[in-house]
Amino acid sequence: MSQPQPPTSSLSFTPLWVGEPEPDVDWALRGTDYLATLRQWAYRSDMIELRGELRQRLQMCEWIGHNIHRVNQHLNQLLADCQACFHPQARPPVHILAAPLAERMSLDGFCNLSSQPITLFIDVGCLIPDDWLGVIAHEYTHAVLRSPGHDQGFGRVLSHLCLGLGLPVPPSDALESGRLAVWPRHHTKADPADFWQGNTMY
């Protein structure tokens, strides 16, 4: 399966990996191709990593091949909710992909500000579904500001998003206390591999 190339224009693009797969596709190969796509859009290829033994990783690739379009469709709907909080001219060119992130990174999501369009990576395996929107809002704030920092400007934009999305607004001391870097608060699951093996529902 050929890999999609990064769009040459940041103004018009089609979301990746949201369409229905062909019925006769090799599911494990499709999952492997998806991971290759993630590595293409990440800062570094080693940021994307399946956890577990070889047999488990093969099972994850097959599950990803079967289901990743549905997961990304849902993430795109949540991203659209974030974009609706801003006037069209204020919305950054951005797309979103579900991604199994390397354990050593200790991240539930990150934003590649260098890609065109800007790419949001969300490790849905680390999160309960109720927390997906909050993590997307956090990463989308970075995209709006085109900055990786968590300063006062970040707090203002994130507060605007939280109000629009019905999420808890950062407290007044969130910047000083360091909570802004991990706001909205969310729970990290102990075994992300459960999701990527298809053992948990979303």
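The values are calculated or read from the model by the stated rules, or taken from the named source; none is laboratory data. On a predicted model such as this, the values are computed, not experimentally measured, just so you know. Neighbour counts are summed over all protein chains in view; Cβ atoms, including those assigned to glycine, are modelled from backbone coordinates with ideal geometry. For accessibility, only protein heavy atoms count, side chains too; no ligands or nucleic acids. Shrake-Rupley method; radii C 1.70, N 1.55, O 1.52, S 1.80 Å.
Residues that are closer than 21 Å to ASP46 by Cβ, hydroxyl-bearing (Ser, Thr, Tyr) and not in a helix (DSSP H, G or I) do not occur anywhere in region 147-168. Checked against the criterion of being within 23 Å of ALA190 (Cβ to Cβ), over 15 Å from the mean Cα position of the chain (by Cα) and modelled with pLDDT of 90 or more, the candidates ARG51, ARG30, ARG44, ARG57 yield just one match: ARG57. For region 169-202, the set of residues classified as part of a helix (DSSP H, G or I), out of contact with any Pro (no Cβ under 6 Å at 6 or more places or on another chain) and not aliphatic (A, V, I, L, M) consists of GLU176, SER177, ARG179, ASP194, PHE195, listed by residue number. On inspection, PHE110 does not qualify as farther than 25 Å from LYS189 by Cα and open to solvent by less than 60 Å² (accessible area, probe 1.4 Å). A Cβ distance below 6 Å, combined with a sequence gap of six or more or placement on separate chains, defines the contacts here; from region 183-195, residues that are of a type outside the set (Gly, Ala, Ser) reach residues that are open to solvent by 50 Å² or more (accessible area, probe 1.4 Å) in the pairs PRO184/PRO168; HIS187/ILE128.
Would a scan of region 78-90 turn up a residue that is among the polar types (S, T, N, Q) and open to solvent by 10 Å² or more (accessible area, probe 1.4 Å)? For region 78-90, residues among the polar types (S, T, N, Q) and open to solvent by 10 Å² or more (accessible area, probe 1.4 Å): present. Residue count for region 98-113, restricted to those that are closer than 16 Å to PRO148 by Cβ, touching a residue at least 60 places away in the same chain (Cβ under 8 Å) and within 9 Å of the chain's Cα centre (by Cα): 2.
If you check ARG70, ARG57 for being closer than 18 Å to ILE136 by Cβ, assigned to a helix (DSSP H, G or I) and without any contact (Cβ under 8 Å) to a residue 40 or more places away in the chain, only one passes: ARG70.
Here PRO117 passes the criteria (1) within 21 Å of TYR34 (Cα to Cα); (2) open to solvent by 40 Å² or more (accessible area, probe 1.4 Å); (3) more than 12 Å from the chain's Cα centre (by Cα) except the one numbered (2). May I ask you to list the residues in region 124-169 that are in contact with a Cys (Cβ under 7 Å, 6 or more places away or on another chain) and open to solvent by less than 30 Å² (accessible area, probe 1.4 Å)? Within region 124-169, ILE136, ALA137, GLU139, TYR140, HIS142, ALA143, LEU161 qualify.
Within region 86-97, does at least one residue satisfy the condition of being farther than 30 Å from LEU158 by Cα and either touching a residue at least 40 places away in the same chain (Cβ under 8 Å) or not hydroxyl-bearing (Ser, Thr, Tyr) (or both)? No. If only residues of region 29-57 that are basic (Lys, Arg) and farther than 19 Å from MET105 by Cβ are counted, the one that is least open to solvent (accessible area, probe 1.4 Å) is ARG30.
Residue check: VAL71 meets all listed conditions (1) farther than 27 Å from TRP27 by Cβ; (2) modelled with pLDDT of 95 or more but one, namely (1).
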